[in-house]
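See structure below.
Coordinate-derived values only; no laboratory data. These numbers were taken from a predicted model, which means no experiment stands behind them. With ideal geometry, Cβ positions are generated from the backbone for all residues, glycine too; neighbour counts draw on all protein chains shown.
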Amino acid sequence: MKPTNRDDHKHRKNRATRISMSLAPKLLKQFDKSMIQAGFSDRSKAIQAALHAFVDENEWKGAENQSGAGAVFMLYDNHTYNQDRESIHAQHEYADIISSSTHVHLDHHNCLETIMVKGQVKKIRELVKVLSQNRGIKSLKLHFVTLV
């Protein structure tokens, strides 16, 4: 059965576009080493993953009124005054964008909390700001993902 023009158009739309690029030999060598360590078998897949990470890292920055999803990673000293209570209070205030959270005791002083978020980018940023103001926070990172 011969494909119709409509099927042919659909097939062309989903095809990958071939590009070429120039890289310094040292950077390419480092990339190839990292690619193998990450478990990729070919450069195309590794470059696609790197490009997705780049888009995820930058696309959400100007998207105040758009929706998105991500995870907030927070490392903190659980013996610092009111840290646990402040974190829980903030999470209750932003329950509309929090899908789930986990809390792991790493050692006597350190806890790792991961908060999965989904909703308006502006509100996700507000939550991160509120959490970052708590005493005892050693590290707080937001990893935002874009649906491609």
Holding the Cα-Cα limit at 23 Å, pick out from 61/141; 61/129; 61/123; 118/141 the pairs that are longer than that. none
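Let's test the formula: R0 of 30 Å, r as the Cβ-Cβ distance of residue 15 and residue 122. What FRET efficiency results, to the nearest 0.05?
Numbers: r = 36 Å, r/R0 = 1.21.
Between residue 15 and residue 122 the formula returns 0.25.
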Would you please give the FRET efficiency between residue 109 and residue 132, computed as 1/(1 + (r/R0)^6) with r the Cβ-Cβ distance and R0 = 22 Å, to the nearest 0.05? 0.70
At q = 0.11, 0.13, 0.14 Å⁻¹, work out log10 I(q)/I(0) for the range 63-145 with the Debye formula, treating every Cα as an identical point scatterer and leaving solvent out; two decimals please. -0.26, -0.36, -0.42
For the pair residue 141 and residue 79, what calculated FRET efficiency results from E = 1/(1 + (r/R0)^6), where r is the Cβ-Cβ distance and R0 = 25 Å, to the nearest 0.05? 0.70
Two pseudo-spin positions, 7 Å from Cα along C-beta at residue 59 and at residue 26, lie apart in nanometres by 3.3 nm
Simple spin-label estimate for residue 101 and residue 50 in nanometres, 7 Å along Cα-Cβ: 3.7 nm
